[in-house]
Amino acid sequence: MLINTVVLLLRDLLPVFVLLTFLRAFIVPDAFSYKNIRNVAITSFLFVLLIIQIVEPISEWFEGAGLELMQVSLIIMSFMLFLLITLLRIHRQNTNICIRLANIGLEVFIVVKTSNFFIFLHVYLQDKSQVFNVFIGVMLGIGICMSFSAIFYYLLKEWQETSLKTLLYIPWFLFLSGMISQVLALLAQVDIFSLSAPLWSSEHLIENSSEYGQLLSALIGYQSAPAREFLILYSIVFLGLVLLTAITHFFVKNRQGLPHE
Amino acid sequence: MWSNLLNKILTQLLLVSFLILSTEIEAADNTYYLVIENHVFKPSVIEIPPNKKVKLVIHNKDKLPEEFDSFDLNREKVIFAGKKSTIYIGPLPAGEYYFIGEYHPVSAQGKVLIKELKNAD
C-alpha cells in the first residue's frame with residue numbers, strides 16, 4: 001500500500017509540481033507570495049472536495065462520458081489560461097492580471113490531476129489499518145515531488161542567467177503541448193475521437209510506467225507508443241506556440257524600439 | 001420436383017439466417033465484459049483481435065470504487081461501487097497489454113491479449 005500510494009501520488013502530483021516550478025521560475029514568479037499560495041491551496045482543496053462529492057453522478061452523464069468530458073474541458077481551460085499568461089508576460093502586461101489568471105489555471109489543473117488521488121485516499125482512509133501506510137506514502141511522494149521541483153527550479157534559474165534565456169520557453173511549450181495532447185486519449189477512451197494504431201513503441205527504451213517514463217510524461221507529455229493524431233496535435237500546438245510567441249515578441253520589441261534578442 | 005424446390009428455398013433461408021446471425025455475433029464480439037469482484041478482475045485475460053477498436057464494459061461488483069488503470073493501453077477510469085463503466089481500447093498491434101485495479105494492485109491484475117483469434121471473421 002505504501003508503494004502504491006507513492007506511485008499514485010507521483011503520477012497525479014508530479015505534473016502539478018512541474019507546473020508550479022515553471023510558473024515560479026519565470027512565467028509568474030510574483031504569484032508565489034505566501035498569501036497567494038495559501039489562497040490557491042485552500043481554494044483547490046475545496047474544489048477537489050466538491051468534485052469528489054459530485055464525481056459519481058457526473059461520471060454517468062453523456063452515456064458514461066461525463067468524467068472524461070469534464071476533464072477535457074478543464075484541461076482546455078487551463079491550457080488557454082496559461083497560454084494567455086505567457087502572451088501577457090511577453091507583452092509585459094499588468095502582473096496582477098497574470099497572477100489572477102495563474103491562480104485560476106493552477107486551481108483548475110490541480111482539480112483535474114488530483115481528484116482521482118483523493119478518491120483513492122477516500123477509499124483507503126475508510127480502512128483504519130491502512131491510515132499509517134497511506135500517510136507515510138503521501139509524505140514520501142510529496143518529498144520526492146518537492147525534491148525534484150527544487151532541482152528543476154535551480155536548473156531553470158541557471159538557464160535564465162545564460163544568454164539563451166529566450167529558449168526557456170521551449171520546455172514550457174513542450175509541457176503545454178503535452179498537457180493539451182492528453183485530451184485525445186480521454187476522448188478516445190469514451191469513443192468521441194478515434195485514434196489510429198501507435199506509430200512506434202519505445203517501451204524497450206523508456207516504459208511509460210517506469211520512473212523515467214512518469215517523469216518525462218509529467219515534463220513533456222511523453223508517450224511510449226504515440227498514435228499519429230497525438231503526434232500531429234502535439235506538433236501543431238508546439239509549433240503554434242513557438243510561432244505565436246515569436247510574433248508577439250517581435251511586435252513588443254518593435255513597439256518598444258528595443259533590439260531583438 | 002416440389003420437394004426439391006422446397007429444399008432449395010429452405011437451404012437459402014438457412015443460409016440467409018446464418019449470415020444475419022453471424023453479422024450480429026461479430027457486432028456483439030466487439031464488446032467485451034470485465035467484472036471486478038472481491039478486488040479481482042474476472043476474466044483476468046481478455047483476448048481481442050489486432051488493429052480493431054473494441055468496447056470494454058467493466059462492472060464493479062465490489063462495495064468500494066476501483067480504478068481501471070493501464071499504462072500499456074493508455075487508459076484510466078474510476079469505476080464506482082456497484083456501477084458499470086465503458087471504455088474503448090485499440091486499435092492496437094498484437095501483444096500483451098497489462099492492466100491493474102489501481103486501488104487494489106496486488107489482487108486486481110489482468111491483461112489484454114491482442115492476437116489473431118481462430119474464429120475471427
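The values are calculated or read from the model by the stated rules, or taken from the named source; none is laboratory data. In this text, all values refer to a predicted model and were calculated from it rather than measured experimentally. Note that we place each Cβ from the backbone using ideal geometry, even for glycine, and neighbour counts take in every protein chain shown. For the accessible areas, the whole protein counts, side chains as well, though only heavy atoms, and no ligand, DNA or RNA atoms are used. Shrake-Rupley method; radii C 1.70, N 1.55, O 1.52, S 1.80 Å.
General observations
- Qualifying residue in the range A:98-107 (condition: within 14 Å of chain B (Cβ to nearest Cβ), crowded, with 16+ Cβ neighbours inside 10 Å, part of a helix (DSSP H, G or I) and out of contact with any strand residue (DSSP E or B) (no Cβ under 9 Å at 6 or more places or on another chain)): no
- Among the residues of the range B:40-63, the ones that are open to solvent by less than 50 Å² (accessible area, probe 1.4 Å) and assigned to a loop (DSSP other than H, G, I, E, B) come to 3 in all.
- Residue that is farthest from A:Arg11 (Cα to Cα), among those in the range B:64-89 that are more than 8 Å from chain A (Cβ to nearest Cβ) and part of a loop (DSSP other than H, G, I, E, B): B:Gly82
- For the range A:205-261, the set of residues classified as in contact (Cβ under 8 Å) with a residue 12 or more places away in the chain, outside any helix (DSSP H, G or I) and within 14 Å of another protein chain (Cβ to nearest Cβ) consists of A:Ile206, A:Glu207, A:Asn208, A:Gly221, A:Tyr222, A:Gln223, A:Ser224, A:Ala225, A:Pro226, A:Ala227, listed by residue number.
- Any hit, the range A:127-134, residues being among the basic types (Lys, Arg), modelled with pLDDT under 90, farther than 30 Å from A:Leu168 by Cβ and part of a helix (DSSP H, G or I): yes
- Boolean, A:Met146 is assigned to a helix (DSSP H, G or I), away from chain B (no Cβ under 14 Å), surrounded by fewer than 19 Cβ atoms within 10 Å (Cβ to Cβ) and in contact (Cβ under 8 Å) with a residue 40 or more places away in the chain: yes
Results for (1) within 30 Å of A:Thr114 (Cβ to Cβ); (2) at pLDDT 65 or above, shown as yes or no for each residue.
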| site | (1), (2) |
| --- | --- |
| B:Ser17 | no, no |
| B:Lys42 | no, yes |
| B:Val57 | yes, yes |
| B:Phe68 | yes, yes |
| B:Asn74 | yes, yes |
| B:Tyr88 | yes, yes |
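Yes/no per residue for (1) open to solvent by less than 60 Å² (accessible area, probe 1.4 Å); (2) within 12 Å of another protein chain (Cβ to nearest Cβ); (3) acidic (Asp, Glu); (4) farther than 26 Å from A:Gln256 by Cβ:
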{"position": "A:Ile3", "(1), (2), (3), (4)": "no, yes, no, yes"}
{"position": "A:Leu8", "(1), (2), (3), (4)": "yes, yes, no, yes"}
{"position": "A:Leu20", "(1), (2), (3), (4)": "yes, no, no, yes"}
{"position": "A:Leu23", "(1), (2), (3), (4)": "yes, no, no, no"}
{"position": "A:Ile27", "(1), (2), (3), (4)": "yes, no, no, no"}
{"position": "A:Phe32", "(1), (2), (3), (4)": "yes, no, no, yes"}
{"position": "A:Val55", "(1), (2), (3), (4)": "yes, yes, no, yes"}
{"position": "A:Met80", "(1), (2), (3), (4)": "no, no, no, yes"}
{"position": "A:Thr86", "(1), (2), (3), (4)": "yes, no, no, no"}
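- Condition check for A:Ile170: in a helix (DSSP H, G or I) and either out of contact with any helix residue (DSSP H, G or I) (no Cβ under 6 Å at 6 or more places or on another chain) or aliphatic (A, V, I, L, M) (or both): yes
- Breaking point among (1) crowded, with 19+ Cβ neighbours inside 10 Å; (2) within 14 Å of chain B (Cβ to nearest Cβ), for A:His122: (1)
For every residue, the table says whether it meets (1) outside any strand (DSSP E or B); (2) of a type outside the set (Lys, Arg); (3) within 11 Å of another protein chain (Cβ to nearest Cβ).
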{"residue": "B:Pro93", "(1), (2), (3)": "yes, yes, yes"}
{"residue": "B:Ser107", "(1), (2), (3)": "yes, yes, no"}
{"residue": "B:Gly110", "(1), (2), (3)": "no, yes, no"}
{"residue": "B:Leu113", "(1), (2), (3)": "no, yes, no"}
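- Some residue of the range A:184-204 being open to solvent by less than 40 Å² (accessible area, probe 1.4 Å), small (Gly, Ala, Ser), in contact (Cβ under 8 Å) with a residue 40 or more places away in the chain and under 30 Å from B:Thr31 (Cβ atoms): yes
- Any chance B:Phe80 is touching a residue at least 24 places away in the same chain (Cβ under 8 Å) and open to solvent by less than 30 Å² (accessible area, probe 1.4 Å): no
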